[in-house]
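Please read the structure below before turning to the comments.
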Amino acid sequence: MPVPATHVLVFSLLLFSIGMLGVLTRRNAIIILMSIELMMNAANINFIAFSRQLNNLVGQVFSVFTIAVAAGEVAVGLAVVLALFRNRDTIYVDQVHIMKG
Amino acid sequence: MIELLWLIPVLPLLGFAINGLFGPRFLSRRAIGGVACAAVVLSFLLSAGAVLGLGHLDAVAAAGRAGLSVDPEAHRATLTLWPWLLLGKSAAGVDLRIDWSYTLDPLSAIMLLVVTGVGSLIHIYATGYMAHEPKPAFARFFAYLNLFMAMMLTLVLGANLPVVFVGWEGVGLCSYLLIGFYYDRMFDEKTKMSCADAGRKAFITNRIGDVGFMLGMLLLLSATGTLDIQGILAKVGTLPVGLCTAAALLLFVGACGKSAQIPLHVWLPDAMAGPTPVSALIHAATMVTAGVYVVCRMAPLYRHAPAALLTVAIVGGVTALFAASIGLCQNDIKKVLAYSTVSQLGFMMLGAGVGAFGAGVFHLMTHAFFKALLFLGAGSVVHALSGEQDIRKMGGLGRHIPWTHATFAVAWLAIGGIFPLAGFFSKDEILWGAWQRSPILWAMGAAGAFLTAFYMTRLYILVFWGKERFDDETRHHLHESPRVMVVPLAILAVLSFAGGWVGIPAVISPGVPNFLERFLAPVFEAHAAGVAIETAQHAPGLELGLMLVSMLIALFGMFFAWVFYDRRPELPVQLAGSARGLYRAILNKFYIDEFYGKVVLAPYYALCRASAWFDRYVVDGVVNAAGYVTLGTSYTSVGFDAYVVDGLVNLVGYTVRGVSWVFRKLQTGIVQSYATAMVLGVFVLVSVYLLTSSH
Amino acid sequence: MTASAAIFYVLASIAVLSGFMVIGSRNAIHSAIYLVLTFLSVAGIYVLLEAEFVAAVQVLVYAGGIMVLFLFVIMLVNLEDSLEDRIRLHATISGVIGLAVVGLILYVYSTGRLVAVTTPSTLCQGGNLQAVGTSLFRDYLLPFEVASILLLVAMIGAIVLARQKS
């Protein structure tokens, strides 16, 4: 292992935080989806790091599954964005506030 | 023809359906009458064919047909049509299965021929008798009559007790419908009884008997595990005598209701509210004999229960005597005949009760002939007199309606028991049987026979002889009945004359075999083996002597009546004056209706009134008190409600509204707000975990 | 510091920086390009962590498949608009949380819990691909198949959602 596992975890934390920042602050739905991908990558990095740390292959197997889920999630998410754009002519999530109380 | 047994009840049922559904609207009178008569006549022809088929059952058995089982030994054919009630296994492990099946044996053959034969004649007669009715009523009448035929045939042919019971109830229903046929008319002005009331009375009285029948049926079911008649009879020998007695008595209660035996006879005289052909068919010739039929059908059961058999004999004898005495003083032509019917049914029961089942059935048959003839003749008289039924307003009719007169005379002699008419043979056979059992029973029967001869002669003389007591208006309309009514009368007259010759006892004609006895022998002697019946030594001299005595008794009865009502008409009045109490008792039918009124109905009404009072004052009082308490409480609670409860509720509402205003502002509808809140929450949780965990 | 450690820090820096560019670019196309860069860097880190198979999948699926999807959609919705206003309240809260997270990490570091322990690896014995394959198709066959069904459902759902209504 080239670096201590802690450093890898800090790196994944940073990446996760960046993704979260994007989700929370950007209004463009596509960018939000990209940010979610960043967060998922951060989670994957955690899996891999612990897999390496604990000498256990399960982490790697699990990250393969995560990638599959992420692929599906992106496909559906982008389809939602497309549907949103067709119906409302916008992809800005703050303009879609039918749940306003 | 035995394979077509199922068709016999179905044909009248079809007639019922056709007339009931289409008669009032779409069919002409001729068509209605044609359909009804054709159904019954065809059914008669089929019956005749089937009965002839009984003679060569071996051939039928050889041919083989699904559902048809044949017992050539007992001259019995049973046709199973379809499984009717599949009750599964009972607790005792018996597979209860009741089929809809018909059976034909000599007993049901005789019933079959009597019912369809007399039924055909009466149907034909009725087309003439009812011709003045409006068409819907005409159609209704024949529909009911056909339904009755179907039900009666089901009763007669039923191979197991439930099927018999279906017919039993079905004829009861038709009887009710037909007694109340003129449901909008008054039957008895004095007691304010309408025709519908009469129907109801018949139905309810019969219901009492039906309960007995049902209980008997269930008792037999639980004892033998089957309801099939032959199955029950085959097991009778193994049952305890007490159980047999109970079952036999219960069935006899049912028979009492249907056959109008004392004390359940009260409905039959009032059943005369129906049209006369109905009285002839249902309340004289066929339905009322159903009780006798069932007793004879279950003969081995009764043989096994001597106490029950004795009860049957006593009830029959008492009925024969008392009903005949009531008949002495009746003035309504149909009521005289009604009490005569009750009395004759008593004779049949007496015959069955002394073990002479064959004699009972014989009398049933001859009685069907002459009593139907009497009723139809009475109908013809009433028809001729434009509806008059009081014999005090008749007289001298012999000249005006000769055919009716002649046929009525034959019936009179037949019922009176004059040699060689039908009634003589059958009645004598019963009396001979009674004598063998006990001279007391014989005396009852003989007294009944004397009274019968007396009141029938009285009726005959008052109606057809003497002065004309009707008014000119009636005389103007006086006419002999149309041919369609006279022809059945003539045929019945022939049958009343010669019908008894099928059962001529050996003492009179040693060379000629007693056809009927031989014919019925397989039924009544099949299960008799092993059961001791007291039979006196056959004494031809005694039998002949008794015959002579009863004949003399009948002649005496007729002679006295002739003296009383033709020679010296003042005599009956004097007699009534000298024996006032007895006369009044007889006139009022021994106060039996009044007795029921006082003993059964009055306490019942009192109970009803008491219940009503209790209901009105106690139950309603409690309910009302509860209501007032509720009302008072609710006034209090309304005030409390308006200020305290509503105040609290409103306070809650205002609070919620105020708080929710704050929260509503948080609900921006923007997804990221929610996500931010979530992240904040996660951050707080993780912080708490990290800051509080020990290392 | 070994060479591999150096490469790790370099790749991590690139990933973090391009991550920032993803959420900071005015143009969505640019965001997508930076995202690819991030993914590739992460893939490199996977290689460093001896997960060659996952690295390959990362490149194929993320950098290949998912990126194409993103680009297609961006072109379909055809936004000329660039960097929109950030949601200010969220930005503030996020900033506060970010500072607090840094504080937390420092606190945890000060308690000595972030100890770096390096263990010898056994993962690559016999080849990583073979090991992952064996595990995936022997121990995790059922989840694998379920994942395939999930992808199928996602595909159908995406088609249904994105279908042009006529």
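Where a number appears in this text, it was derived from the coordinates with a stated rule and is not lab data. Because the structure is predicted, anything quoted here is derived from the model rather than measured. Using ideal geometry, Cβ is built from the backbone for each residue, glycine included, and neighbour counts are taken over all protein chains shown.
How many angstrom lie between the Cα centre of segment B:435-477 and the Cα centre of segment A:60-101?
110
Hey, got the average number of other protein chain Cβ atoms within 10 angstrom for residues in B:661-672?
Details: counts 1, 0, 1, 2, 1, 1, 4, 7, 9, 12, 9, 12.
Mean partner shielding for this stretch: 5.
For the residue pair B:Arg584 and B:Leu81, what label-to-label distance in nm results when each label sits 7 Å from Cα along the Cα-to-beta-carbon direction?
Computed distance between label sites B:Arg584 and B:Leu81 equals 5.5 nm.
In degrees between 0 and 90, to the nearest 10, how far off the longest principal axis of chain A does helix A:29-54 point, with axes built from Cα atoms?
The angle comes out at about 10 degrees.
Hey, can you rank B:631-641, B:127-137 by average C-beta count inside 10 Å, highest first?
Those peptides, ordered most packed to least, come out B:127-137, B:631-641.
Residue-wise, which Karplus ³J(HN,Hα) couplings in Hz belong to segment B:26-39, taking 6.51 cos²θ - 1.76 cosθ + 1.60, θ = phi - 60°, and x for glycine or proline?
Along segment B:26-39, the couplings run 9, 9, 7, 4, 4, 5, 4, x, x, 4, 4, 5, 4, 4 Hz.
Relative to the first principal axis of the alpha-carbon coordinates of chain B, what is the inclination of helix B:135-157, with its axis defined by its Cα atoms, in degrees from 0 to 90 and to the nearest 10?
The angle comes out near 80 degrees.
Using the Karplus equation 6.51 cos²θ - 1.76 cosθ + 1.60 (θ = phi - 60°), what ³J(HN,Hα) coupling, rounded to whole Hz, does each residue of segment B:110-121 give in order, writing x for Gly and Pro?
Per residue, the Karplus-derived 3J(HN,Hα) values read 5, 4, 4, 5, 4, 5, 6, x, 4, x, 4, 4 Hz.
Quick one: which of B:367-379, B:482-494 comes out on top by average Cβ neighbours within 10 Å, and what's the full order, highest first? Provide the component values of the computation, followed by the final result.
Numbers: B:367-379: 30.8, B:482-494: 19.9.
Output ranking for B:367-379, B:482-494: B:367-379, B:482-494.
Where a Cα-Cα gap under 20 Å defines reach, which aspartates and glutamates qualify for B:Lys89, not counting those fewer than 8 residues away within the same chain?
Cα-Cα hits under 20 Å: B:Asp99, B:Asp228.
If contacts are Cα pairs under 8 angstrom and at least 6 residues apart, what is the relative contact order of segment B:347-412 in percent? Mind showing how you got there, number by number?
On the way: 34 pairs, mean separation 20.4, N = 66.
The normalised contact order for segment B:347-412 reaches 31 percent.
Hey, which lysines would be in cross-link range of C:Lys165, C-alpha to C-alpha under 22 Å, not counting anything within fewer than 8 residues on its own chain?
none
Let me confirm one metric for peptide C:90-99, namely the mean number of other chain beta-carbon atoms within 10 Å of its residues' beta-carbons. Walk me through the intermediate numbers first.
Working: counts 13, 4, 2, 8, 11, 2, 2, 10, 6, 0.
Taking all residues of C:90-99 together, the mean is 6.
FRET efficiency for B:Asp58 and C:Ile149, Cβ-Cβ distance as r, R0 = 56 Å, nearest 0.05? Kindly include the intermediate steps, with their values, before the conclusion.
Values: r = 78 Å, r/R0 = 1.39.
Efficiency, from the Cβ-Cβ distance: 0.10.
Per-residue Cβ counts within 10 Å, from other chains only, averaged over A:37-48: what number is that? Before the final figure, lay out each step's value.
Numbers: counts 8, 9, 0, 1, 11, 3, 0, 7, 8, 0, 3, 10.
Averaged over the peptide's residues, the number is 5.
On a 0 to 90° scale, report how tilted helix B:515-525 is relative to the longest principal axis of chain B, with both axes built from alpha carbons and the result rounded to the nearest 10.
In chain B, helix B:515-525 runs at an angle near 40 degrees to the longest axis.
Taking the Cβ of C:Glu145 as the centre, find all other residues whose Cβ is under 15 Å away and add up their charges (Lys, Arg: +1; Asp, Glu: -1).
Values: positive: C:Arg138; negative: C:Asp139.
Counting the neighbours of C:Glu145, the net charge comes to 0.
Give me the percent relative contact order of segment B:16-135, please, defined on Cα pairs under 8 angstrom at least 6 residues apart. Intermediate results must be reported in sequence, preceding the final value.
Working: 118 pairs, mean separation 31.1, N = 120.
Computed over segment B:16-135, the figure is 26 percent.
R0 = 41 Å: FRET efficiency of A:Asn55 with C:Leu76, Cβ-based, nearest 0.05? Kindly include the intermediate steps, with their values, before the conclusion.
On the way: r = 46 Å, r/R0 = 1.11.
For R0 = 41 Å, the calculated efficiency reads 0.35.
Evaluate the relative contact order of chain B (contact order divided by residue number), counting alpha-carbon pairs under 8 angstrom at least 6 apart; express in whole percent. Walk me through the numbers before you get to the answer.
Details: 1091 pairs, mean separation 73.9, N = 695.
Value for chain B: 11 percent.
Could you tell me the calculated FRET efficiency between B:Tyr591 and B:Glu473, based on Cβ-Cβ distance and R0 = 45 angstrom, to the nearest 0.05?
Numbers: r = 37 Å, r/R0 = 0.82.
Result of the calculation: an efficiency of 0.75.
Just check segment B:27-112 against the gyration tensor rule for me: Cα atoms, a ≥ b ≥ c as the square roots of the eigenvalues, rounded for a/c under 1.5, and otherwise prolate or oblate depending on whether a/b exceeds b/c. Display every interim value, and only then the final one.
Working: a/c = 2.90, a/b = 1.45, b/c = 2.00.
The shape class here is oblate.
I'd like the distance separating the alpha-carbon centroids of segment B:251-276 and segment B:14-63, in whole Å.
Taking the Cα centre of each part, segment B:251-276 and segment B:14-63 sit 28 Å apart.
Between segment B:114-139 and segment B:71-107, what's the alpha-carbon centroid distance in Å?
With segment B:114-139 and segment B:71-107 each reduced to a Cα centre, they are spaced 35 Å.
Taking θ = phi - 60°, what integer Hz values does the Karplus form 6.51 cos²θ - 1.76 cosθ + 1.60 yield along segment B:551-561, in sequence order, with x for Gly and Pro?
Whole-Hz 3J(HN,Hα) from phi for segment B:551-561: 5, 5, 4, 4, 5, 4, x, 5, 5, 4, 4.
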